[in-house]
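See structure below.
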Amino acid sequence: MLVFIVRRVIISFFILLAATFVMYLLVANSGNPLQDLQESRAPNREAQIEARIRLLNLDTPAPLRYFIWLRGAAGCLVPFALECDLGQSIQGQDVTALLSVAFSQTLQLVIAATVLAMVLGITVGIVTALRQYSGLDYTVTFSAFLFFSLPIFWVAVLLKEYGAIRFNDWLADPTIPIGVAVVLGTISGLFWMIVIAGDRTRRVTTFAAAFVASAGALWLLSETQWFADPGLGIVVITVTAVGLAFLTTAVVAGFTYRNVLYAALAAAGIGIVCHFALDSVLDDPSGLTIVLLALVTVAVGMGLGYGLGGLQRRQAIQAAVLTGLGTGGLLFVDRLLGAWDSYSDRVGGRVIATIGARTPNFQGTFWEEGLDRATHLLLPTIAIVLISFATYTRYTRSSMLEVLNQDYVRTARSKGLAERGVVVKHAFRNAMIPITTLMAFDFAGVLSGAVITERVFGWTGLGTLFVTSLARVDPNPVMGFFLIAGTAVVVFNMLADIGYAFLDPRIRLS
Amino acid sequence: MSDPTTPGSIPAAAAVAGDAQGMNVVARTQAQMVRRRFFRHRAAMAGLITLLLIVVLAFSSIGFASVPGWWDKDYFSIATVENRGRPTLSVIPTWLGGDGMHLGEHPFGQDNVGKDYFALTMRGVQQSLTIAFIVGLVGTVIGTMIGATAGYFRGRVEAVLMRFTDVMITIPLLVVAAVLGRRYGSSGIVVLGLVIGLVTWTGLARLVRGEFLSLREKEFVEAARAAGTSARRIIVKHMLPNIVGVIIVAATLAVAAAILLEAALSFLGFGVQDPDTSLGKLISTYQTAFSTRPWLFWFPGVFIIAIALSVNFIGDGLRDAFDPRQNRVRD
């Protein structure tokens, strides 16, 4: 194993070295970096050209210039000992400084989106595999194909128009006309009818129930002016938390023994109590407080699972921790929404933002600032999730179907295991093995994949840095961007290989 | 997948069973079975028809090269903007309260300087399709050649070629395509398609190599080698026909990806350059006009989605047709 990793690291290093060389030549060849100066009519034109040639070493041929760049970049390999020097941009800024600012922006944008896309995509993929050739399966398959075929910038522009501009206009007077509520209710009814297939009576019942629930909820939200000052409220939190407890129990352990359920319900209960007990703490907490609270939640969940778990201690711990974190998340969202009203006033009613990562010069309570970030993240996240979600559902579905037809799954069923155990323990774990590779690729790819999203939503992240620098034929920032993106690809590919061997003992590393 | 028998044994087994029951069984070749399965794939057929309609519409309406089309306006003449450039296309018949079904003077409206937007969009479709086709073709040919060579010869050849592939894979596609587009975008769409095709072969090369690694151990390859057949002939005549399905499917999906890649590049400004146009460039140019003149944004976008979606469906149908084990057996 160790030999394999060392070998992979060495090979990856040389691959990256070769890739930077190729990339450097391509970038150097992509245009004329002096063009804007040569076209300018400034009196000191010659001096400026001279200065830029000296700044970028343009008098050295590109292949040799690469080694100058490499010497600086080599410093980044040994942190603290040597100076990390990725050169200067065309305007004389240090590339390392530019990169660190841009990198943090991009990370904020992509991490949440990628994780969300993975969780959603894998869940939906599993469900469609279990319900193969059902209405749901066909609907999801078609949507996945549609999402595959969507140009992300087109979606992004649409989202900006309808998700932000029109939505904000509507927020000024957030009422839903009864006709719209009926139409949306019908759509929701049809949706659930397709999802929950069955005979005619069941379909009609599903449709009616979903229609009444959705249209009624919309009407209620509209009548109570919920959108003007949204929040979850204690009733919704309680119901969702208890539902969450049942859901996690169903997934990790089933209901044969009640201990796990009790642990999960206790976690949900403590969470709800905390809603009241921690009122003063959560008034304007710091980020550290939230992290600490999350850690306490995990600890309490483990304690509950340990104490109440009985024979199924491990499962009980899992269920309690997950339920606890989920309930905590609900409380967090509730608090964020609680800041909606004051936040909306401060940004003049334009709640959903279309440009940038933060409102410039915005200062407020923890919740207001959090909401500010969330509203800026919302639309780009949706855009990224839509596209990767499609890939994940397709891959998970086919991988899951493959596994479900294996002999060992049939064996598991024939020896009388509950369906939950078969799906979660026998099928799902094995189906995840090929998905790990996809995850690694996806994580590596999102850094460059966010180029377009950043561009449309005006985030000054790595993608914007890349595009603006490339347009100016500014080689050093482009190379800096590539160094990050390329390293991510190499590292994650390596992790995928190692993870693959770790998950599937049949694969021997050599 | 629920069928435990291999696809090769199905016709034989069916023939025996058919004879036993006195039924009439038609013998089909592999190609016929593939074609049959493909034509029965409804989504793929819908995609194929949509794609053909779009191609015919795009190339017949404004014509191409020096061949004139049936549409009386072109995509470069400047005219006066009538009625704020609103589209005159109407599809709601009068008995439904619409304006009747007619194309009107400018069915897709006009742009800022009064160019006919229908002609512009059609030109964009032509250019995008051409680029995507060239990219798909070049990428497939190179990927197949590199993968086949590496997989057949193994040893040092494979090591060199696959390390080279690894190097190319390290560079994210959009990034290298943007860099190349920055340099070659103004050289016309054929050059642009060629250079982008030069960097999109990596996935296929790995796929073909993998297939070749297992194929070269098969008896028929050994037999051919024992008979003294040249390596080139073994690769082209004996091995490639066995994985033609994999290659065709990959090529189709590569075309779909290339449509979106071209659109993305043109959107970032590194693709097709003025005075030429493409679907991505049209969207990029008019994205700010969305709230005032949304049709300038909708029409090219709908065409991109329609093309990419139908090509993806065709690819899916081809995959099912070539490898019925992967999906529902449709015959």
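The values are calculated or read from the model by the stated rules, or taken from the named source; none is laboratory data. Remember, it's a predicted structure, so these values are computed and weren't measured experimentally. Note that each Cβ is placed from the backbone with ideal geometry, even for glycine, and that neighbours are counted across all protein chains shown. Accessible surface areas use protein heavy atoms only, side chains included; no ligands, DNA or RNA. Shrake-Rupley method; radii C 1.70, N 1.55, O 1.52, S 1.80 Å.
Looking at A:461, A:499, A:486, can you tell me which residue is in contact (Cβ under 8 Å) with a residue 24 or more places away in the chain, touching a helix residue (DSSP H, G or I) at 6+ places or on another chain (Cβ under 9 Å) and facing chain B (nearest Cβ under 10 Å)?
Values: A:461 fails: facing chain B (nearest Cβ under 10 Å); A:499 fails: facing chain B (nearest Cβ under 10 Å).
Residue meeting the stated conditions: A:486.
Condition check: open to solvent by 70 Å² or more (accessible area, probe 1.4 Å) and within 14 Å of chain B (Cβ to nearest Cβ). Does residue A:15 satisfy that?
Judged against the criteria, residue A:15 is not a match.
Any idea which of A:64, A:25, A:70 is away from chain B (no Cβ under 14 Å), under 37 Å from the mean Cα position of the chain (by Cα), open to solvent by 40 Å² or more (accessible area, probe 1.4 Å) and modelled with pLDDT of 80 or more?
Working: A:64 fails: under 37 Å from the mean Cα position of the chain (by Cα); A:25 fails: away from chain B (no Cβ under 14 Å).
Checking each option against the conditions leaves just A:70.
Of everything in the stretch B:277-293, what is more than 23 Å from residue B:192 (Cα to Cα) and in contact with a helix residue (DSSP H, G or I) (Cβ under 8 Å, 6 or more places away or on another chain)? Give them in sequence order. If you could, list the steps in order and put the result at the bottom.
As a first pass, look at the stretch B:277-293 and keep what is more than 23 Å from residue B:192 (Cα to Cα): B:287-293.
Within the stretch B:277-293, B:287, B:289, B:290, B:291, B:293 meet the criteria.
In the list A:114, A:175, which residue meets the criterion of being more than 14 Å from chain B (Cβ to nearest Cβ) and open to solvent by 30 Å² or more (accessible area, probe 1.4 Å)? Before you say what the answer is, go through the steps one by one.
Values: A:114 fails: open to solvent by 30 Å² or more (accessible area, probe 1.4 Å).
Only one candidate passes the filter, namely A:175.
Say we look at the stretch B:50-89 and pick out the residues that are in a helix (DSSP H, G or I) and free of Cβ contacts under 8 Å to residues at least 60 places away in the same chain; which of these is surrounded by the most Cβ atoms within 10 Å (Cβ to Cβ)? Break it down stepwise before answering.
Filtering the stretch B:50-89 down to residues in a helix (DSSP H, G or I) leaves B:50-61, B:83-85.
From the residues that got through so far, the ones that are free of Cβ contacts under 8 Å to residues at least 60 places away in the same chain too are B:52-53, B:56, B:60, B:83.
On the way: B:52: 11, B:53: 12, B:56: 10, B:60: 14, B:83: 11.
That would be B:60.
Just need a number here: residues in the stretch A:171-191 that are under 24 Å from residue A:224 (Cβ atoms) and free of Cβ contacts under 8 Å to residues at least 40 places away in the same chain.
From the stretch A:171-191, those under 24 Å from residue A:224 (Cβ atoms) are A:171-189; that's our starting set.
Subsequent filtering for residues that are free of Cβ contacts under 8 Å to residues at least 40 places away in the same chain retains A:173, A:177, A:179-180, A:182-189.
Qualifying residue count, the stretch A:171-191: 12.
Could you check the stretch B:277-298 and list, in sequence order, the residues that are assigned to a loop (DSSP other than H, G, I, E, B), open to solvent by less than 30 Å² (accessible area, probe 1.4 Å) and without any contact (Cβ under 8 Å) to a residue 24 or more places away in the chain? Spell out the reasoning first.
Start the filter on the stretch B:277-298 by keeping residues that are assigned to a loop (DSSP other than H, G, I, E, B), which leaves B:277-278, B:290-294.
Filter once more, so that each one left must be open to solvent by less than 30 Å² (accessible area, probe 1.4 Å): B:277-278, B:290.
The answer is B:290, and nothing else.
What are the pairs with Cβ atoms under 7 angstrom where one residue, in the stretch B:262-273, is closer than 17 Å to residue B:305 by Cβ and the other, located anywhere, is open to solvent by 10 Å² or more (accessible area, probe 1.4 Å) and basic (Lys, Arg)? Sequence gap at least six, or different chains.
B:266/B:281
Those residues that are within 8 Å of another protein chain (Cβ to nearest Cβ) and open to solvent by 10 Å² or more (accessible area, probe 1.4 Å), I need them from the stretch A:471-483; list them, please.
Hit for the stretch A:471-483 is A:471, nothing else.
Please find, among B:282, B:260, B:240, B:253, the residue that is within 14 Å of chain A (Cβ to nearest Cβ) and out of contact with any Pro (no Cβ under 7 Å at 6 or more places or on another chain).
Details: B:282 fails: out of contact with any Pro (no Cβ under 7 Å at 6 or more places or on another chain); B:260 fails: out of contact with any Pro (no Cβ under 7 Å at 6 or more places or on another chain); B:240 fails: within 14 Å of chain A (Cβ to nearest Cβ).
Sole residue among the options that is within 14 Å of chain A (Cβ to nearest Cβ) and out of contact with any Pro (no Cβ under 7 Å at 6 or more places or on another chain): B:253.
Going by the conditions given, is residue A:362 in contact (Cβ under 8 Å) with a residue 12 or more places away in the chain and open to solvent by 50 Å² or more (accessible area, probe 1.4 Å)? First the steps, then the outcome.
Numbers: in contact (Cβ under 8 Å) with a residue 12 or more places away in the chain: yes; open to solvent by 50 Å² or more (accessible area, probe 1.4 Å): no.
Taking the combined requirement at face value, the residue does not satisfy it.
Determine which single condition residue B:320 fails, assuming it passes every other condition in (1) among the acidic types (Asp, Glu); (2) more than 8 Å from chain A (Cβ to nearest Cβ); (3) open to solvent by 10 Å² or more (accessible area, probe 1.4 Å).
The number of the failed condition is (3).
Say whether the condition of being open to solvent by less than 80 Å² (accessible area, probe 1.4 Å), assigned to a helix (DSSP H, G or I) and free of Cβ contacts under 8 Å to residues at least 24 places away in the same chain is met by at least one residue in the stretch A:219-234.
No: the stretch A:219-234 contains no residue that is open to solvent by less than 80 Å² (accessible area, probe 1.4 Å), assigned to a helix (DSSP H, G or I) and free of Cβ contacts under 8 Å to residues at least 24 places away in the same chain.
Can you name every residue in the stretch B:93-150 that is open to solvent by 50 Å² or more (accessible area, probe 1.4 Å), modelled with pLDDT of 90 or more and within 21 Å of residue B:279 (Cα to Cα)?
Listed by number, the residues that qualify are B:133, B:137.
May I ask you to list the residues in the stretch B:223-242 that are outside any helix (DSSP H, G or I) and loosely packed, with under 12 Cβ neighbours inside 10 Å? Working first, answer last.
Let us first name the residues in the stretch B:223-242 that are outside any helix (DSSP H, G or I), namely B:227-230.
Within the stretch B:223-242, B:227, B:228, B:230 qualify.
Spot the failing condition for residue B:203; the list is (1) open to solvent by 20 Å² or more (accessible area, probe 1.4 Å); (2) away from chain A (no Cβ under 14 Å), and only one is missed.
Checking residue B:203 against (1) open to solvent by 20 Å² or more (accessible area, probe 1.4 Å); (2) away from chain A (no Cβ under 14 Å), the one that fails is (2).
For (1) under 19 Å from residue A:135 (Cβ atoms); (2) hydrophobic (A, V, I, L, M, F, W, C), each residue gets a yes or a no:
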{"site": "A:180", "(1), (2)": "no, yes"}
{"site": "A:186", "(1), (2)": "yes, no"}
{"site": "A:192", "(1), (2)": "yes, yes"}
{"site": "A:209", "(1), (2)": "yes, yes"}
{"site": "A:215", "(1), (2)": "no, yes"}
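More than 26 Å from the chain's Cα centre (by Cα) and within 12 Å of chain A (Cβ to nearest Cβ): which single residue out of B:297, B:290 fits that description?
On the way: B:297 fails: more than 26 Å from the chain's Cα centre (by Cα).
Of the residues listed, the single one that is more than 26 Å from the chain's Cα centre (by Cα) and within 12 Å of chain A (Cβ to nearest Cβ) is B:290.
Could you grab me the full set of residues in the stretch A:221-250 that are β-branched (Val, Ile, Thr) and more than 27 Å from the chain's Cα centre (by Cα)? Steps first, please.
Residues of the stretch A:221-250 that are β-branched (Val, Ile, Thr), as a first pass: A:224, A:234-240, A:242, A:248-249.
Those that are β-branched (Val, Ile, Thr) and more than 27 Å from the chain's Cα centre (by Cα): A:224, A:234, A:235.
Looking at A:354, A:391, can you tell me which residue is in a loop (DSSP other than H, G, I, E, B) and not aromatic (Phe, Trp, Tyr)?
Working: A:391 fails: in a loop (DSSP other than H, G, I, E, B).
One residue alone meets the criteria, A:354.
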